[in-house]
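To start, the structure under review is shown below, and the notes come after it.
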2 protein chains.
Amino acid sequence: MPGISFFFEPKSVAVIGASNKEGKFGYYLLRNLLTLGYKGRVYAVNVKGGCVQGLKAYRSILEVPDEVDVAIVVVPADRVPQVARECAEKGVRGLVVVSSGFKEAGEEGKRLERKLVEVARKAGMRVIGPNTTGILNTSNMFTTSFVPLEGLRRGGLSFIAQTGLFAGATLSWMLTTQPFGVAKVCGLGNKCDVSEWEALEYLGEDEETKVIAAYLESVSDGRRFLEAARKATARKPVIVLKAGRTEAGARAALTHTGSLAGDDRVFSAACRQAGVVRASSMGEMFSIAKGFLMQPLPEGPRVAVVSMTGAGGVLASDAVSTAGLEVAELSEETRRRIGRVMPSWARVGLFVDIEPLYEAVGAECYEVALREVLQDPGVDACMVILLCMGGWTMPLIEERRLRRSFLEPPRESGKPIVVYVHGDKESSELAASRLESMGVPAYGSIEECTRVLEAMYFYSRYLRRHKL
Amino acid sequence: MPGISFFFEPKSVAVIGASNKEGKFGYYLLRNLLTLGYKGRVYAVNVKGGCVQGLKAYRSILEVPDEVDVAIVVVPADRVPQVARECAEKGVRGLVVVSSGFKEAGEEGKRLERKLVEVARKAGMRVIGPNTTGILNTSNMFTTSFVPLEGLRRGGLSFIAQTGLFAGATLSWMLTTQPFGVAKVCGLGNKCDVSEWEALEYLGEDEETKVIAAYLESVSDGRRFLEAARKATARKPVIVLKAGRTEAGARAALTHTGSLAGDDRVFSAACRQAGVVRASSMGEMFSIAKGFLMQPLPEGPRVAVVSMTGAGGVLASDAVSTAGLEVAELSEETRRRIGRVMPSWARVGLFVDIEPLYEAVGAECYEVALREVLQDPGVDACMVILLCMGGWTMPLIEERRLRRSFLEPPRESGKPIVVYVHGDKESSELAASRLESMGVPAYGSIEECTRVLEAMYFYSRYLRRHKL
């Protein structure tokens, strides 16, 4: 079987089921291909012929007067096997079947999916899906997705999704709220042919991909998954969100992608062995990805907590120790140096309370604390709790100030930093976006910050243990 | 000892340490009192005399030519005992000591705090704090807080905080991002006198307070806390976030509010016995509070999952069963009724997949599903996963449509609903704010939705077991 890289770099594409009708997937999908900057040749196929979005519509792929690398199929499920036969006859290398109504939809769907596989196997044609939004490659702007992708940024995160729609909404969310860009998305759907391990293998070797995140409802081949994961994690972090953990979840997965979710403990053990970070929610997966994309790995488990709020310091200490990390004990030397700047009534406790430093040095408070804390050899990483309350906190989040406080000291120390930003919507969104635009990850809770550092430490330890 | 209600309804107030200097707590604090609508008499006290924010500044409280119910103290810690003596001499009923530098700050601070308590006890004067933002009462707009409070909405949530600053930033966050209004805030700080059980007792009886949320680092008197909690939970939900759960957290608490955090298992058991919901993070506490404020209690643990995305349906099924709730099994009748509307290839699985319904009935999809699901006697509550992807999903989140889909069917059934809104920033924020303005709580993750329903079910079961 040929590899799957051609799915990401087709020279010519046909949309089978292309539509003029807003509201149809075949409409948005073709529009994405025509407007986002894809430079390959695009052909529209629609049984009714005529003209679709300014393109001549061929009644069948067999009428297209050119070679076709990839056909994107959005016709109703019962027509898919026939369409696949025509594609095979045409010599199409691969299909991305967006349509649903297959294995996930009962007996008739199962039959249709078996038919599709049979046709494809016989012709040596690869299939992604069915029941998926398929492919996105930001380096050539090729996509089979029907969701709006304006504002797409190129970047280091690649995403494997075993779900038709979620990759869509999640991608929209990511594009409009997250600071990192995307390298590639590979939606697998029902995985009738191309499977998670092949996607993992491909993205593991892809130079543009710096971090891989995957949402899976099943693992088709445990051994090959483990193998591909090991190879990938030797080069870059891999984060997996595996659904169908519980009996109810597994039953739901069966009706979603026809997946047999498998034993969750086995999967967990496999992930640990292969250095794969396991996320417990979609949000957590992206939080962790952001940490990996923006910060260096911590060399140990000792997290210094720097907080403008005492309560935050206490909650962070709880969270850090619950996660199996340690709250860093600052050296006598560091305590003395910070203490020198503080008002006489204050002292440095288990966490560094910024409030007395603020009283002493004003807006420089975070900078003073972070410079001292990060040079301490007993500190491997730092969590900061930054409060925003309009008026008096504005000088703390000026761009130049943030750079000197949150970017430079960590960079000089080579240690990772994560920031929990909390306060009024306007100034905390401003602070977070400023931080992230300079490469400092900001999060909405202490628990997120902790989980990110935990995952980064897990991966760092894995690499060291395996001398990678 | 007199009760604490006078702290929330003083007729006259003095700010000791009132300031003209922007950046000082004594500036913002007085400005809040003068601009937010408080109708009582306000006096400024500053050792330098002169004029502060348009008020004559008295050099000492003893010079104020009027009775003073509450004195707000923002002078440095070492001057507080003397100020307290003057307040006692003046016959002030209670002090709110905002200043920090007491028990939390080492030996000298401990001594100052003991002194303060001694003076107050002798005079029968009550003290809130030190080390706190103190009081807020939205029914008369009295506050001792220095954080910006513009845009404050009156509402049903009251908040007990054992922290000086967090109540400030958290309040700013709440005011600018959360749909519910606030009844009262009671910041306790170091709790040298007024303690959590008294605050709980007061808010439990307060008619304006519908839900109580508390952040605590210690419990001063376990027996009285349990008693006050039992009385309060018989009338309204109480949610507690207890910090200092771990050894590190407890050490941090000691330097924050000088608290001895106590045994966490004992506290957990006490909460369970008293029907108190225990939250594990600040965000979770407010998510749960929002659920209680907006929705009726579920009568059982069976949660119907309605999702525009299959992956969401699977993840929600996992989350619901992990939380000790059950994914509702829809009756044959309900399945048949939904099935009649769906395209032939689709079927109703463990969760209701909205996507095929969307293909069949367009923007009415959620309404159709929710009407059927909520009338099913096997369903106690509903979690909806609503996707927003700009263009094609806009008709789904029109105000009238949301009302007919998410407000009316639950209201008619008397069952609670929670909605996870996911997608691009603009339309998901729009959908969430529209939903919440009509009283339907929207959340940013499946896990939050689940945790809210879990907490509501816990409380509902507690009330039924105790026939309350």
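The values are calculated or read from the model by the stated rules, or taken from the named source; none is laboratory data. Remember, predicted model here, so these are calculated numbers, not experimental data. Methodologically, a virtual Cβ is constructed for each residue, glycine included, from the backbone with ideal geometry; neighbour enumeration extends over all protein chains shown. Heavy atoms of the whole protein, side chains included, go into the accessibility calculation; ligands, DNA and RNA do not. Shrake-Rupley method; radii C 1.70, N 1.55, O 1.52, S 1.80 Å.
Summary table
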{"item": "Residues (over 25 Å from residue A:150 (Cβ atoms) and outside any loop (DSSP other than H, G, I, E, B)) located in region A:27-56", "result": "A:45, A:56"}
{"item": "Checklist (1) under 16 Å from residue A:308 (Cβ atoms); (2) within 14 Å of chain B (Cβ to nearest Cβ); (3) open to solvent by 10 Å² or more (accessible area, probe 1.4 Å) applied to residue A:397, failing item", "result": "(3)"}
{"item": "Residue that is nearest to residue A:226 (Cα to Cα) [pool: residues in region A:145-179 that are in contact with a Lys or Arg (Cβ under 6 Å, 6 or more places away or on another chain) and open to solvent by less than 20 Å² (accessible area, probe 1.4 Å)]", "result": "A:158"}
{"item": "Residue match in region B:50-60 (condition: touching a helix residue (DSSP H, G or I) at 6+ places or on another chain (Cβ under 6 Å) and open to solvent by less than 60 Å² (accessible area, probe 1.4 Å))", "result": "yes"}
{"item": "Subset of region B:277-314 [open to solvent by less than 10 Å² (accessible area, probe 1.4 Å), in contact (Cβ under 8 Å) with a residue 60 or more places away in the chain and facing chain A (nearest Cβ under 8 Å)]", "result": "B:305, B:308, B:309, B:312, B:313"}
{"item": "Residue under evaluation residue B:325, criteria (1) free of Cβ contacts under 8 Å to residues at least 60 places away in the same chain; (2) more than 8 Å from every other protein chain (Cβ to nearest Cβ); (3) in contact with a strand residue (DSSP E or B) (Cβ under 8 Å, 6 or more places away or on another chain), criterion not met", "result": "(1)"}
{"item": "Residue B:94 being in contact (Cβ under 8 Å) with a residue 40 or more places away in the chain and crowded, with 17+ Cβ neighbours inside 10 Å", "result": "yes"}
{"item": "Failed criterion for residue A:98 (all others in (1) over 15 Å from residue A:26 (Cα atoms); (2) within 14 Å of another protein chain (Cβ to nearest Cβ) hold)", "result": "(1)"}
{"item": "Subset of region A:192-211 that is more than 12 Å from residue A:233 (Cα to Cα) and among the aliphatic types (A, V, I, L, M) - its residue that is surrounded by the most Cβ atoms within 10 Å (Cβ to Cβ)", "result": "A:199"}
{"item": "Flag for residue B:137 being within 14 Å of chain A (Cβ to nearest Cβ) and of a type outside the set (Gly, Ala, Ser)", "result": "no"}
{"item": "Test for residue A:226: is it away from chain B (no Cβ under 14 Å), open to solvent by 10 Å² or more (accessible area, probe 1.4 Å) and in contact with a Ser or Thr (Cβ under 6 Å, 6 or more places away or on another chain)", "result": "no"}
{"item": "Filter result for residue A:460 (of a type in the set (Gly, Ala, Ser), within 24 Å of residue A:286 (Cα to Cα) and either surrounded by fewer than 19 Cβ atoms within 10 Å (Cβ to Cβ) or within 24 Å of the chain's Cα centre (by Cα) (or both))", "result": "yes"}
{"item": "Filter result (modelled with pLDDT under 95 and of a type outside the set (A, V, I, L, M)) within region B:1-18", "result": "B:2, B:3"}
{"item": "Residues satisfying the stated conditions in region A:97-131, i.e. open to solvent by 10 Å² or more (accessible area, probe 1.4 Å), farther than 21 Å from residue A:254 by Cα and not basic (Lys, Arg)", "result": "A:118, A:119, A:123, A:124"}
{"item": "Among the residues listed as A:252, A:214, A:232, A:243, the single one being surrounded by 20 or more Cβ atoms within 10 Å (Cβ to Cβ), among the aliphatic types (A, V, I, L, M) and more than 14 Å from chain B (Cβ to nearest Cβ)", "result": "A:232"}
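Matching residues to (1) surrounded by fewer than 21 Cβ atoms within 10 Å (Cβ to Cβ); (2) away from every other protein chain (no Cβ under 13 Å):
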| position | (1), (2) |
| --- | --- |
| A:334 | no, yes |
| A:345 | yes, no |
| A:352 | no, no |
| A:363 | yes, no |
| A:372 | no, yes |
| A:377 | yes, yes |
| A:388 | no, no |
